[in-house]
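Quick notes on the structure that follows.
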Amino acid sequence: DSIKTVLTSPENRILIKRMLIKCADISNPCRPMEQCIEWAGRISEEYFAQTDEEKRQGLPVVMPVFDRNTCSIPKSQISFIDYFITDMFDAWDAFADLPNLMQHLDNNFKYWKGLDERKLRSLRPPPE
């Protein structure tokens, strides 16, 4: 009933649609772990290429943390989750009840934290 009440207002429906689009756009940490790792790698490579090109052209580096020689992908993922994802998806979960999505988020955060605690900078631990 409370959701129906929220959805009766056109302004609220627009706000919910905007939030849904934003959440979909940045939802990688809420995917199953293998997809999350794959896409974290793809996104990181895109940012590395941008930084490489900015350096090559002598332009200001927009995202210096994405220097492929010094970047810690686990740290970048942890920061992204801490600063952008957790609060937004907690709010979305409170509205729409998304336990599977929130479990993926928790699993992925723990995965990146585990790599970081081992001082690893890569997407995956080395083979044993």
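Tabulated values for the structure
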quantity	calculated
Sequence of 4, 75 when ordered by accessible area, the most exposed leading, probe 1.4 angstrom	4, 75
Inter-label distance for residue 53 and residue 95, nm, one decimal - labels placed 7 Å from Cα along Cα-to-Cβ	3.3 nm
Most mobile listed residue (25, 90, 52) in the chain, GNM with C-alpha springs under 10 Å	25
Flagged links, alpha-carbon separation over 26 Å, of 22/110; 22/75; 17/113	17/113
Per residue value of the accessible surface for the chain (all protein chains in place, 1.4 Å probe), Å²	68 Å²
Cα gyration tensor category, rounded, prolate or oblate, for the chain with a/c compared to 1.5	oblate
Accessible surface of residue 98 - all protein chains present, 1.4 Å probe, nearest 10 Å²	40 Å²
Distance between modelled label sites at residue 22 and residue 39, nm, 7 Å Cα→Cβ extension	1.8 nm
For the range 12-42 versus the range 59-84, the gap between their alpha-carbon centres in whole angstrom	18 Å
Potential extension, residue 124-residue 11 segment - 0.36 nm per residue separation minus Cα distance	36.3 nm
Heavy-atom accessible surface of the range 28-118: percent carbon and sulfur, 1.4 Å	55 percent
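The values are calculated or read from the model by the stated rules, or taken from the named source; none is laboratory data. All of these numbers come straight from a predicted model, not from anything done at the bench. Don't worry about glycine lacking a Cβ; one is built from the backbone with ideal geometry, like all the others, and counts go over all protein chains shown. These area figures cover heavy atoms from the full protein model, side chains too; ligands, DNA and RNA do not enter into them. Shrake-Rupley method; radii C 1.70, N 1.55, O 1.52, S 1.80 Å.
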